[in-house]
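J.: Below you'll find the structure I mean.
Any read-out appearing in this document is the output of simple, stated calculations on the displayed coordinates, not a laboratory observation. Everything numeric in this text was worked out from a predicted model, so none of it was measured. Virtual Cβ from ideal backbone geometry, glycine too; neighbours counted across all protein chains shown.
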């Protein structure tokens, strides 16, 4: 079971909203809307994706890492390393 299972519907709703925002930005570009207005929407989409990412990280730590810690020290270390790498990717992006 995925760590986000309890929040799956919330994540799907957020992602569908983000998908609609991205389509809206594509429409704005197609209609030659002012650059700053497009950048404002891109910024909003970026923040929304970051919120989803942070929620997934929190769910992963609260579920997958905690479960691995109960299993063994080695399993816990592997999950912590995995989470750290994921967080590093998010920070770099």
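J.: Under a point spin-label approximation (7 Å from Cα along Cα-to-Cβ), what is the residue 17-residue 44 distance to one decimal in nm?
T.: Taking the simple label geometry, residue 17 and residue 44 are separated by 1.1 nm.
J.: Separation between the residue 73 and residue 93 pseudo-spin-labels, each 7 Å from Cα along Cα→Cβ, expressed in nm?
T.: 3.4 nm
J.: Still on this structure, please answer the following. Restricting to DSSP H runs of at least four residues, report the calculated mean residue ellipticity at 222 nm for the chain, -39500 (n - 2.57) per run over all residues, nearest 500 deg cm²/dmol. Walk me through the numbers before you get to the answer.
T.: Values: 4 runs with 74 residues, N = 93.
Helices in the chain give a 222 nm mean residue ellipticity of -27000 deg cm²/dmol.
J.: State the Kirkwood hydrodynamic radius of the range 5-92 in Å, one decimal place, computed from all pairs of distinct Cα atoms. It would help to have the intermediate numbers written out before the result.
T.: Working: mean 1/r = 0.0663 Å⁻¹.
By the Kirkwood definition, the hydrodynamic radius is 15.1 Å.
J.: Further, regarding this structure: Can you give me the angle between helix 35-59 and the longest principal axis of the chain, using Cα atoms only, in degrees from 0 to 90, rounded to the nearest 10?
T.: 10 degrees
J.: Going by alpha carbons, how many degrees (0 to 90, nearest 10) lie between the helix axis of 73-92 and the longest principal axis of the chain?
T.: Computed tilt is about 20 degrees.
J.: With a cut-off of 8 Å between alpha carbons and a minimum separation of six or more residues, what is the relative contact order of the range 5-92 in percent? Mind showing how you got there, number by number?
T.: On the way: 34 pairs, mean separation 19.2, N = 88.
This gives 22 percent for the range 5-92.
J.: What nm value, rounded to one decimal, do you get for the distance between residue 57 and residue 86 when each label is placed 7 Å out toward the C-beta?
T.: It is 1.1 nm.
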